[in-house]
Amino acid sequence: MNLFFEAKIKETQNTKGIWLNTITLKDSAGNMITLDRNRTVWKYYDDKTGVKWYNVYIWDGEHENYDITPDMFKGCHLAGYEIEDDAEEGYELIIDANSFCLLE
């Protein structure tokens, strides 16, 4: 499964592009679901950045679960996200929670 979303980025001198580690969604029952991916591609346009995550999986902290479909995320909303540890101080990433699109 792939995931598309839009974000605004405040880059720094040495931190350019998308420095996003994981995304956490919250389902209608209150369960937190952490997503990760194998590859990230982004494209700058206007004042936003379009981001596509390829081969998305659920990450439990130890194992990758690829057995997922977009239907599993109906009713979910963005609960948070984690920036990569090695992103430079001052780097900011703001994800547009309304832009999420899960693609098989």
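No value in this document is a laboratory result; all are computed from the given coordinates. None of the values given here were measured: they were computed from a predicted structure. Cβ sites come from the backbone with ideal geometry, for glycine too, and all protein chains shown count toward neighbours.
When only residues in segment 62-97 that are closer than 21 Å to ASN38 by Cβ and of a type in the set (Phe, Trp, Tyr) count, which is nearest to the chain's Cα centre (by Cα)?
Ranking the qualifying residues of segment 62-97, first place goes to TYR81.
Considering only segment 22-49, how many residues are touching an Asp or Glu at 6+ places or on another chain (Cβ under 6 Å) and either exposed (fewer than 14 other Cβ atoms within 10 Å of the Cβ) or under 15 Å from LYS8 (Cα atoms) (or both)?
Residues of segment 22-49 that are touching an Asp or Glu at 6+ places or on another chain (Cβ under 6 Å), as a first pass: 22, 48.
Now restrict to residues that are either exposed (fewer than 14 other Cβ atoms within 10 Å of the Cβ) or under 15 Å from LYS8 (Cα atoms) (or both): 48.
Here the count works out to 1.
Which pairs do you get when a residue that is aliphatic (A, V, I, L, M), found in segment 41-59, comes within reach of a residue that is outside any strand (DSSP E or B), reach meaning Cβ atoms under 7 angstrom, with the pair 6+ apart or on two chains?
VAL51/ILE18; VAL56/MET1; VAL56/ARG37; ILE58/ILE68
Confirm whether LEU102 is aliphatic (A, V, I, L, M), touching a strand residue (DSSP E or B) at 6+ places or on another chain (Cβ under 7 Å), without any contact (Cβ under 8 Å) to a residue 60 or more places away in the chain and surrounded by 16 or more Cβ atoms within 10 Å (Cβ to Cβ).
no
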